[in-house]
1. What FRET efficiency do you get for Thr91 and Ser32 if R0 is 25 Å and r is their Cβ-Cβ distance, rounded to the nearest 0.05?
2. How much of the accessible area of the chain, probe 1.4 Å, is carbon plus sulfur, in whole percent?
3. Along Cα→Cβ, 7 Å out, is where each label goes; now give me the distance between the ones at Ala25 and Ser156 in nm to one decimal.
4. Report the full-extension gain for the segment Thr166 to Ser128: residue separation times 0.36 nm, less the Cα-Cα distance, to one decimal in nm.
5. Where Rh denotes the Kirkwood radius from the mean inverse Cα pair distance, what is Rg over Rh for the stretch 64-123?
6. Mind checking Rg over Rh on the chain, alpha carbons, Kirkwood formula for Rh?
7. To the nearest 20 debye, what is the magnitude of the charge dipole of the chain about its Cα centre, counting +1 on the Cβ of each Lys and Arg and -1 on the Cβ of each Asp and Glu?
8. Could you work out how far helix 2-17 tilts from the main Cα principal axis of the chain, as a 0 to 90 degree angle to the nearest 10?
Amino acid sequence: MIKSLAAAAALLTVAVAAPAMAQSASTTGTGSITVIRPLTITKNADLKFGTVVRPTTGSGTVTVSAAGARSVAGGVVGLSSGDTPQAAQFTVDGEGGQSISVTIPATFSIANGSDTLTVTTSNNLTGSAAAQTLSNALGSAGSLSFRVGGSVPVASTSPTGTYTGTFTVSAAYN
């Protein structure tokens, strides 16, 4: 029994004298941030269909391409007087080389009092509007210019007058 007590006491002494060594590890991390220019968008020109004569019967269309060329169909006659037809033009400025999404509405309304016409838009962006890239490289200013055209139906019953409306074009970094 004395041997057992002596062995237990010796074991206890070793356990207290040699604390347990827990395994541990550490490493360091770093932080970083890239600060870039904010996006701005500027309207350089408005979409103008010019002056047209409605068809005598039925319905026709007036189209201004994204390049700015006007065409008429279905009995609509385009006149050279009045506003010169043109596509809208916009420029997005921001950090060079960055991917952006451009949003252009598919349609918008133009009105003359309570009478409205619906414009269906087109544009000259290459590829998906959600995957555009600003010119130049990171660290320098970049830009993207694009045009918006459209097509509008004009019926023989469309009231005469000047039709106007607005549409919103936006851009965001991806």
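1. On the way: r = 31 Å, r/R0 = 1.23.
Efficiency computed from Cβ-Cβ geometry: 0.20.
2. Working: 6120 of 10780 Å².
C and S fraction of accessible area: 57 percent.
3. If labels sit at Ala25 and Ser156, their model points lie 8.4 nm apart.
4. Numbers: separation 38, 0.36 × 38 = 13.68 nm, distance 2.32 nm.
Here the segment from Thr166 to Ser128 would lengthen by 11.4 nm.
5. Values: Rg = 15.6 Å, Rh = 14.7 Å.
Taking Rg over the Kirkwood Rh, I get 1.06.
6. On the way: Rg = 34.8 Å, Rh = 21.0 Å.
Using Cα coordinates only, the ratio equals 1.65.
7. Working: 7 positive and 5 negative charges, 55 e Å.
In total the dipole reaches around 260 debye.
8. Its long axis makes an angle of about 40 degrees.
The values are calculated or read from the model by the stated rules, or taken from the named source; none is laboratory data. Small disclaimer: the values here were computed from a predicted structure and weren't measured. A quick note on method: Cβ atoms are made from the backbone with ideal geometry, for glycine too, and the neighbour counts reach across all protein chains shown. With ligands, DNA and RNA removed, areas are computed over all heavy atoms of the protein, side chains included. Shrake-Rupley method; radii C 1.70, N 1.55, O 1.52, S 1.80 Å.
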